[in-house]
1. Those residues that are over 20 Å from Val17 (Cβ atoms), open to solvent by 30 Å² or more (accessible area, probe 1.4 Å) and in a loop (DSSP other than H, G, I, E, B), I need them from the stretch 195-216; list them, please.
2. Could you give every pair whose Cβ atoms fall below 7 Å, whose first residue belongs to the stretch 192-211 and is over 11 Å from Pro53 (Cβ atoms) and touching a residue at least 12 places away in the same chain (Cβ under 8 Å), and whose second residue is hydroxyl-bearing (Ser, Thr, Tyr) and surrounded by 16 or more Cβ atoms within 10 Å (Cβ to Cβ), counting only separations of at least 6 or pairs across chains?
3. Name the single residue, out of those in the stretch 120-131 being farther than 18 Å from Trp66 by Cβ and among the polar types (S, T, N, Q), that is surrounded by the most Cβ atoms within 10 Å (Cβ to Cβ).
4. Could we say that Leu58 is touching a Gly at 6+ places or on another chain (Cβ under 8 Å), modelled with pLDDT of 95 or more and open to solvent by 30 Å² or more (accessible area, probe 1.4 Å) here?
5. When you go through Asp46, Asp127 one by one, which is the residue that is closer than 18 Å to Arg208 by Cα and at pLDDT below 95?
6. Of the residues that sit in the stretch 151-168 and are among the β-branched types (Val, Ile, Thr) and assigned to a loop (DSSP other than H, G, I, E, B), which one is most open to solvent (accessible area, probe 1.4 Å)?
7. Of everything in the stretch 169-182 that's out of contact with any Pro (no Cβ under 8 Å at 6 or more places or on another chain) and touching a residue at least 40 places away in the same chain (Cβ under 8 Å), which residue is surrounded by the fewest Cβ atoms within 10 Å (Cβ to Cβ)?
8. Filter the stretch 183-194 down to residues that are outside any loop (DSSP other than H, G, I, E, B) and either of a type in the set (Lys, Arg) or open to solvent by 60 Å² or more (accessible area, probe 1.4 Å) (or both), then give me how many there are.
Amino acid sequence: MTKTESGITTTTVTTTVAPPPLPVYEQPAVPGAGYLWTPGYWAWGDAAYYWVPGVWVLPPRVGLLWTPGWWGWSGGSYRWHLGYWGPTIGFYGGINYGFGYFGPGYVGGYWHGGEFHYNRSVNNIRDKRITNVYVQNITRNTTINRVSYNGGSGGTTVQPTTTEKAALQQPHVAPTTEQMRQHAMAVGEHGQRYRPSGDGPAVYGSSRVSERFNDPGAVRAPAPDDAQTPLLPMTGQEAAAAHAAPGRVEERAAPEERRGGPAERESAQGVPAGREQIRREQAQRRQPQGTQRARPARQAQHPRPAHREREHEER
């Protein structure tokens, strides 16, 4: 059964079984400019949870952002709050899906001038043709929290902020056809079912929506425990500070970085992109480059949403 209350569409799940913990996995590489990451999530069907892989998709139109769906506890059952596209990010339960979705808001990128700019610290960017990038570093600790629902026993206790409540009143766009295909495929794939043993799912995420998850860029193995440590959601004050200032200096990838190997970044959930290779590339760049002089950072020519460096705690 579905219903809408206060602008939120929910699907009632007649079970008292809590959604499983979020799996730990690497983000697939973005397939091209303009694609936005939509996190994977647990869905319910045939008396079991199954994992719908995260996937990069094109938004319905330029300027829209994705607010992920989330599980909440209400009236003695778990309810699924459907995700949606909108001009700003709304409330998604304080769930830390990683890769820029740390609980409140989104720090994986922003729209400007009809182009999407990617935070390369939390996105897997390998396509050298994608140059609209900047760096917002993230500091981690060793706390791990992979809870996937809000309320109830053991769920997050985050409540919507005034800004997130206002986002509910904005025009929303339903998930795209590609997103619905991704969900439909997960329903029919037995390998996507939750196993208490921790084995699986078969596919964690994909670069594109493809028949039966045959995307060559699909992630089919969990990230090592010592390489990925999910982050705790930001507090309301931290989220406000991250988005309040009127401008910022954009840090584009230097030409030598774009010519080199994989970007020196860790995914939002802490997956290293070839640590040894990164160390070698860093060492090479520290060596003298003849008469080449370092280029000063360019000041952004237009107002940007603030992406001030802040510290995130891992959950």
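The values are calculated or read from the model by the stated rules, or taken from the named source; none is laboratory data. All values reported here derive from a predicted model rather than from experimental measurement. For neighbour counting, all protein chains shown are included, and Cβ atoms are generated from backbone atoms with ideal geometry for every residue, glycine included. Note: accessible area is taken over every heavy atom of the protein model, side chains too, but ligands, DNA and RNA are not part of it. Shrake-Rupley method; radii C 1.70, N 1.55, O 1.52, S 1.80 Å.
1. Applying the first criterion (over 20 Å from Val17 (Cβ atoms)) to the stretch 195-216 yields 202-216.
Imposing the further condition that a residue be open to solvent by 30 Å² or more (accessible area, probe 1.4 Å) reduces the set to 202, 208, 211-212, 214, 216.
Listed by number, the residues that qualify are Ala202, Arg208, Asn214, Pro216.
2. Pairs found: Arg193/Tyr50; Tyr194/Tyr49; Tyr194/Tyr50.
3. Filtering the stretch 120-131 for residues farther than 18 Å from Trp66 by Cβ gives 120-121, 126-131.
Checking which are among the polar types (S, T, N, Q) leaves us with 121, 131.
Working: Ser121: 23, Thr131: 15.
Ranking the qualifying residues of the stretch 120-131, first place goes to Ser121.
4. On the way: touching a Gly at 6+ places or on another chain (Cβ under 8 Å): yes; modelled with pLDDT of 95 or more: yes; open to solvent by 30 Å² or more (accessible area, probe 1.4 Å): yes.
For Leu58, the condition - touching a Gly at 6+ places or on another chain (Cβ under 8 Å), modelled with pLDDT of 95 or more and open to solvent by 30 Å² or more (accessible area, probe 1.4 Å) - is met.
5. Numbers: Asp46 fails: closer than 18 Å to Arg208 by Cα.
The conditions single out Asp127.
6. Taking the candidates together, the pick is Thr157.
7. Initial filter on the stretch 169-182 (out of contact with any Pro (no Cβ under 8 Å at 6 or more places or on another chain)): 169, 172, 174-175, 177-181.
Filter again for touching a residue at least 40 places away in the same chain (Cβ under 8 Å), leaving 169, 172, 174-175, 178-179.
Working: Gln169: 10, His172: 18, Ala174: 13, Pro175: 19, Glu178: 15, Gln179: 18.
Applying the filter and picking the extreme gives Gln169.
8. Here is the first cut: in the stretch 183-194, the ones outside any loop (DSSP other than H, G, I, E, B) are 183-188, 190-193.
Retained after the next criterion (residues that are either of a type in the set (Lys, Arg) or open to solvent by 60 Å² or more (accessible area, probe 1.4 Å) (or both)): 184, 187-188, 190, 193.
Summing the residues that are outside any loop (DSSP other than H, G, I, E, B) and either of a type in the set (Lys, Arg) or open to solvent by 60 Å² or more (accessible area, probe 1.4 Å) (or both) in the stretch 183-194 gives 5.
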